[in-house]
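Have a look at the structure below, then the notes.
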Amino acid sequence: MEFIDLKTQYRRIEEKVRDRINTVLEHGRFIMGPEIKELETRLAEYVDAKHAIAVSSGTDALSLAMMALGIGHGDEVITTPFTFIATAETIALVGAKPVFVDIDPVSYNIDPEQIEQAITEKTKAIMPVDLYGLCANYDRINAIGKKHSLPVIEDGAQAFGATYKGKRACSLSTIGTTSFFPAKPLGCYGDGGACFTNDDELATRMKQLRVHGEDRRYNHPLIGLNARMDSLQAAITIEKLEIFPDEVRARERIGTLYTEALKDVVKTPVIEDGHTHVYAQYTIEVDDREKVMEHVNGADIPLAVHYPTPLHLQPAFEYLGYKEGSFPVSEKAACRVLSLPMSPYLSAMDQERVINAILSAVKK
Ligand SMILES: *Cc1c(COP(=O)(O)O)cnc(C)c1O
């Protein structure tokens, strides 16, 4: 059993993917070929955002979002410490200071009630993360953003395909970003990502920043990046997007099955009203994680921990001056969370094996 089964998906779309790749090899426009525009049109339609900008990774999508908003040295960006490193790393990379706010213990997303006390005159944006594939509380967060005239950047790297109050992830704030890293809900066969916005000016700036800040060939009004997506990755993502709605349904079905089987024994994901979950990770909480992992791994079932160390305790962020105890909810979650094998192609038999292994490990 694999933690994320990408091979079964490939068998399903193999012919179409190979045709798409061949088309790119034949036309030879490997950079900014016609597939980029085609993918962007389809992504914008799927998310229901005015603009989609295909980029080189979810990490670069975050950098582009902040650069387009003019965030840099001396600025602060409020985010969660319970996320993948890229969220806060890019804040630091553009020259700003990550300011962490603890999470809500139920959703694992930034606790809106604690955001306002972290706002200073240096704050330039709020950056919630849709952890594990469940959107943050955008009604509350956008209201705070509006009250303080702060843009909200949605790190939707794990939530592409999820919905919040009937709207898709990545369309929920000023700018939404996502990742097409292979293991994400919508993955390509390498690195890729996208930015989404309804704001024409921000879209234009992100498009320029993606190509060295140029507005036309060899004219550079902005200092930018090389953050383009390859035509090949776009071609592959187009084919994957075709079957994505079907895969989202399978994810929901498998996630619900896990929850029904495990909810009386361990803490399982809680989906509050108005949310749908895409289970980028299906993550439970257990008391003695080491013991459970040993037992389940012993049954030849792969597991993962997302994430063992909250970002405020990462050596790279020591300079921010946070300590153990700064964000107790994140720290507690980091000791307890455990992600189970999850993909739209997880077979009923394999899922039953995972469930039985967890049940027997917890009862031991
Ligand atoms: C994966 C991920 C990213 C970065 O995406 P890449 O495409 O790997 O650069 C950013 N934020 C979160 C929350 C992620 O899970």
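Annotations for the structure displayed:
- Only one entry in PRO328, PRO310 is surrounded by fewer than 19 Cβ atoms within 10 Å (Cβ to Cβ), under 30 Å from GLY74 (Cβ atoms) and not basic (Lys, Arg), namely PRO328.
- ALA118 vs. criteria touching a Phe, Trp or Tyr at 6+ places or on another chain (Cβ under 9 Å) and either crowded, with 22+ Cβ neighbours inside 10 Å or among the acidic types (Asp, Glu) (or both): no
- Long-range neighbours under 6 Å by Cβ, at least six apart or interchain, first residue of a type in the set (Asp, Glu) within region 144-161, second more than 11 Å from the ligand (Cβ to nearest atom) and part of a loop (DSSP other than H, G, I, E, B): GLU154/LEU172; GLU154/SER173
- Of the residues making up region 186-199, one or more are open to solvent by 50 Å² or more (accessible area, probe 1.4 Å), within 13 Å of the ligand (Cβ to nearest atom) and among the charged types (D, E, K, R).
- Selection within region 84-95 - in a loop (DSSP other than H, G, I, E, B) and either surrounded by 22 or more Cβ atoms within 10 Å (Cβ to Cβ) or within 14 Å of the ligand (Cβ to nearest atom) (or both): PHE84
- Subset of region 331-351 [in contact with a strand residue (DSSP E or B) (Cβ under 8 Å, 6 or more places away or on another chain) and either open to solvent by 50 Å² or more (accessible area, probe 1.4 Å) or assigned to a strand (DSSP E or B) (or both)]: ARG336, VAL337, LEU338, SER339, LEU340
- Pairs meeting the criteria (first residue in region 200-222 and over 13 Å from MET67 (Cβ atoms) and in contact (Cβ under 8 Å) with a residue 24 or more places away in the chain, second residue in a strand (DSSP E or B) and among the acidic types (Asp, Glu), beta carbons under 9 Å, at least 6 apart or on different chains) are lacking.
- Region 102-132: number of residues that are more than 12 Å from the ligand (Cβ to nearest atom), in contact (Cβ under 8 Å) with a residue 40 or more places away in the chain and not acidic (Asp, Glu): 12
- Top-ranked residue of region 63-83 - restricted to ones that are in a loop (DSSP other than H, G, I, E, B), within 13 Å of the ligand (Cβ to nearest atom) and β-branched (Val, Ile, Thr), ranked as farthest from GLY193 (Cα to Cα): THR80
- Boolean, CYS170 is in contact with a Phe, Trp or Tyr (Cβ under 6 Å, 6 or more places away or on another chain) and closer than 20 Å to PHE82 by Cα: yes
- Scanning region 300-330 for residues that are in a helix (DSSP H, G or I) and either touching a strand residue (DSSP E or B) at 6+ places or on another chain (Cβ under 8 Å) or at pLDDT below 95 (or both) turns up LEU311, HIS312, PHE317, LEU320, VAL329, SER330.
- Of all residues assigned to region 235-257, none qualifies as being within 16 Å of the ligand (Cβ to nearest atom) and open to solvent by 30 Å² or more (accessible area, probe 1.4 Å).
- If the condition is being near the ligand (Cβ under 9 Å from one of its atoms) and open to solvent by 30 Å² or more (accessible area, probe 1.4 Å), then region 166-185 contributes PHE181, ALA183, LYS184.
- Here ILE141 clears all of (1) farther than 20 Å from SER179 by Cβ; (2) away from the ligand (no atom under 16 Å from the Cβ); (3) without any contact (Cβ under 8 Å) to a residue 60 or more places away in the chain except the condition numbered (2).
- Single residue of region 44-60 satisfying the filter (aliphatic (A, V, I, L, M) and touching an Asp or Glu at 6+ places or on another chain (Cβ under 8 Å)) that is nearest to ILE31 (Cα to Cα): ALA54
- Taken as a whole, the condition of being closer than 24 Å to ALA316 by Cβ and aromatic (Phe, Trp, Tyr) does not apply to TYR138.
The values are calculated or read from the model by the stated rules, or taken from the named source; none is laboratory data. These figures come from a predicted structure and were not determined experimentally. A quick note on method: Cβ atoms are made from the backbone with ideal geometry, for glycine too, and the neighbour counts reach across all protein chains shown. The area values use the complete protein model at the heavy-atom level, side chains included, leaving out ligands, DNA and RNA. Shrake-Rupley method; radii C 1.70, N 1.55, O 1.52, S 1.80 Å.
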